[in-house]
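The values are calculated or read from the model by the stated rules, or taken from the named source; none is laboratory data. Because the structure is a prediction, the values reported are computed rather than measured. Here the Cβ is made from the backbone with ideal geometry for all residues, glycine too, and neighbour counts use every protein chain on show.
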Amino acid sequence: MKKKRFWQKVGGTTIVPISAKILAIVTILLLMSNFVTNYLTISLYSKEVIKLNNQLLTKELKEIYINAGNQYQIFLFSGNRADAMTALKQASEKDMAFSASWALGATGSGDIIFKTQGANFTVFPDKEALAAMVAAQEAGEDEGARFFTTPAGEYFGVYKYHENWGAFLIRAELMSDMMSASRAVFLQASLIIIAMVVVFLVVAFLSLKRLMRFVGVISQSLYDMQQNQEMTLIDLKGAPSDDISYVGVSFNALSSLIGNLLGIFRKFASQDVVDKAYHDRYINLEGQQQELTVLFTDIRSFTKMTETLGNDIIDVLNLHYNNAIRRIHEQGGIVGSIIGDALLAVYGIGDTNAARRKSLAAVVSGWELHDSVAELRHGMLERRKAIERERRLTEREEEVFKAVFLDIGVGIDGGSVFYGTIGSLERMANTVIGDNVNSASRLEGLTRIYQTPIIVSEYVMQEVVSLQDEPVKDRFRFFEIDTVQVKGKTNGQKIFFPMDLSRASDKEIENWERFEKTIGTYYRGDWGNALSELRMILTYSDMPVAKVFIDRLEAFEGDAAPDDWRGVWTMKTK
């Protein structure tokens, strides 16, 4: 099995392992729980810090107040207010722990009579707080605790009104300085929490991975099945006895059933129908006109084979079709129908490249079908030789060997045809319908007359020749055979032999070149010279197609074609 990817997409949906979701949820809940608890603890602790600072500040303010009273007495004696303020400032600074801490005296109008170094302002900055203090003093409350807003930040402080100096004495600490210890505690606690969570997650991950390992096995197997469009069994070796394993076992039973049905379906339907059923989950009675190439192949002398072999003909057909259908599929062809000894295949269904090279693929398939039959014949010959080394064949065995010595013809045509599903909602079949389908069958019939393995139409020839980027196209050379009007048609069509240059000798190529030149003489109606040239060809080679024309021309008297000759030979049989 392929290694499971953590993130996978199925049908555009990202699939995340359930263990990852569980870990994510546990992680979030664990972190939230710990951080909320820690935050609440720190908040409660902060209140206690403020309460303790209030007590300390009150104590320090009391000393500042007493010192302010003493300095007022000295001021009354000396009359030097500046010295009194300086002394009061110095006395207030001695117990301050932070550089931003300050103590000062402020009048109700905001004027500052003294201040320590931490107070970086000349007028009391928080007018609202000062107004509230004045209002409280007028109401009889001379002291209290308040928060003050300054350019340096928020302060917490205590104050007391000094009647002699006519000012509020204030001792305050910056909130961030007061809470610095709390933040340090919070940071330390957070680091401890994170470390504990990491340890917990490692343990939880290993435990979940062990506990839910077969969830990943099942999901990966399902993903592979969907990608490959193939039902397989999930490997549950070593799975524990739990509900996850039960799901896997149940799926295996269902997969086995569906796999068998799907295998049967694929054998009775073409690959494009199987793909459509898989993706759309439904097959409609529908179709459309498409540009396709149609290949038709038939076994020659099949009636005689049937009479000789009886029911054993089925084994011969299955042996032949097993190889033939495989070779058609290898070239991208789709088997449209099998009717007794005849097989019809279509090319060009699929992507743009398949449509572009459909005729070339059909021609390649045609020759490979002949290769397949040649292999069967070779096998039968080897079998015959093995028997003859021990004894002579009986008369019945001679008949059987001749019967199974298969030979086929292949006709190929292309053009616009209807391809789709016809029938009813109860019984439907995939089919191809069109004049070119019938034409491919007629061309196959002509292979028996002209004694050529394959005959193709002008459509096929032109499409293969027009290909520019297919190296394999240079393997074939098309020789014109004739212009015929097959039975059931009103117009003539040129027919061609697609010679496979890889299996043809120089002599065969030369003979076909001479024959093709002779066809020009024949078309012009100069049948006397055409007949002479054809007979000359036969003196150098055994060329069945030349013999066909010789027999045709010898049936007429004279050296010229009939007056109504237009270069088209009308076939009397299919």
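Reported count of residues in the stretch 154-174, each being out of contact with any helix residue (DSSP H, G or I) (no Cβ under 6 Å at 6 or more places or on another chain) and surrounded by fewer than 19 Cβ atoms within 10 Å (Cβ to Cβ), is 2. Among the conditions (1) in a helix (DSSP H, G or I); (2) closer than 22 Å to Tyr459 by Cβ, the only one that Glu375 does not satisfy is (2). Any residue at all in the stretch 34-44 that is modelled with pLDDT under 65, over 30 Å from Thr116 (Cα atoms) and part of a loop (DSSP other than H, G, I, E, B)? No; the residues of the stretch 34-44 include none that is modelled with pLDDT under 65, over 30 Å from Thr116 (Cα atoms) and part of a loop (DSSP other than H, G, I, E, B). Suppose we keep only residues that are in contact (Cβ under 8 Å) with a residue 40 or more places away in the chain and within 18 Å of Leu319 (Cα to Cα) within the stretch 375-399. Which one would you say is surrounded by the fewest Cβ atoms within 10 Å (Cβ to Cβ)? Across the stretch 375-399, the extreme among qualifying residues is Glu375. So, in the stretch 117-127, of the ones that are at pLDDT 90 or above and within 24 Å of Gln55 (Cα to Cα), which residue ends up surrounded by the fewest Cβ atoms within 10 Å (Cβ to Cβ)? Among them, the one singled out is Asp126. Note on the stretch 447-490: residues that are among the polar types (S, T, N, Q), touching a residue at least 12 places away in the same chain (Cβ under 8 Å) and either under 19 Å from Gly567 (Cα atoms) or not in a loop (DSSP other than H, G, I, E, B) (or both) amount to 4.
So if I check each of Ser109, Ser99, which one is free of Cβ contacts under 8 Å to residues at least 12 places away in the same chain, at negative phi, not in a helix (DSSP H, G or I) and not hydrophobic (A, V, I, L, M, F, W, C)?
Ser109
Please list, ordered by first then second residue, the pairs with beta carbon atoms under 9 Å, 6 or more apart or interchain, first in the stretch 325-337 and more than 18 Å from Asp298 (Cβ to Cβ) and in the same structural domain as Ser441 (by TED's automatic domain parsing), second polar (S, T, N, Q) and outside any helix (DSSP H, G or I). As it stands, the answer is Ile334/Ser270; Ile334/Asn430, since those pairs meet every condition given.
Would you be able to say whether some residue in the stretch 512-527 is in contact with a Phe, Trp or Tyr (Cβ under 8 Å, 6 or more places away or on another chain), free of Cβ contacts under 8 Å to residues at least 40 places away in the same chain, surrounded by fewer than 15 Cβ atoms within 10 Å (Cβ to Cβ) and part of a helix (DSSP H, G or I)? Looking through the stretch 512-527, at least one residue is in contact with a Phe, Trp or Tyr (Cβ under 8 Å, 6 or more places away or on another chain), free of Cβ contacts under 8 Å to residues at least 40 places away in the same chain, surrounded by fewer than 15 Cβ atoms within 10 Å (Cβ to Cβ) and part of a helix (DSSP H, G or I). Checked against the criterion of being modelled with pLDDT under 90, under 19 Å from Ser99 (Cα atoms), in contact with a Gly (Cβ under 7 Å, 6 or more places away or on another chain) and not charged (D, E, K, R), the stretch 176-183 has at least one qualifying residue. All told, Ile509 falls short of being in the same structural domain as Gly409 (by TED's automatic domain parsing) and not charged (D, E, K, R). Suppose the filter is under 39 Å from the mean Cα position of the chain (by Cα), outside any strand (DSSP E or B) and farther than 29 Å from Gln493 by Cα; does Arg396 pass it? Against the criterion (under 39 Å from the mean Cα position of the chain (by Cα), outside any strand (DSSP E or B) and farther than 29 Å from Gln493 by Cα), Arg396 does not qualify. In the stretch 417-424, the condition of being within 21 Å of Pro498 (Cβ to Cβ) and in contact with a helix residue (DSSP H, G or I) (Cβ under 8 Å, 6 or more places away or on another chain) is met by at least one residue.
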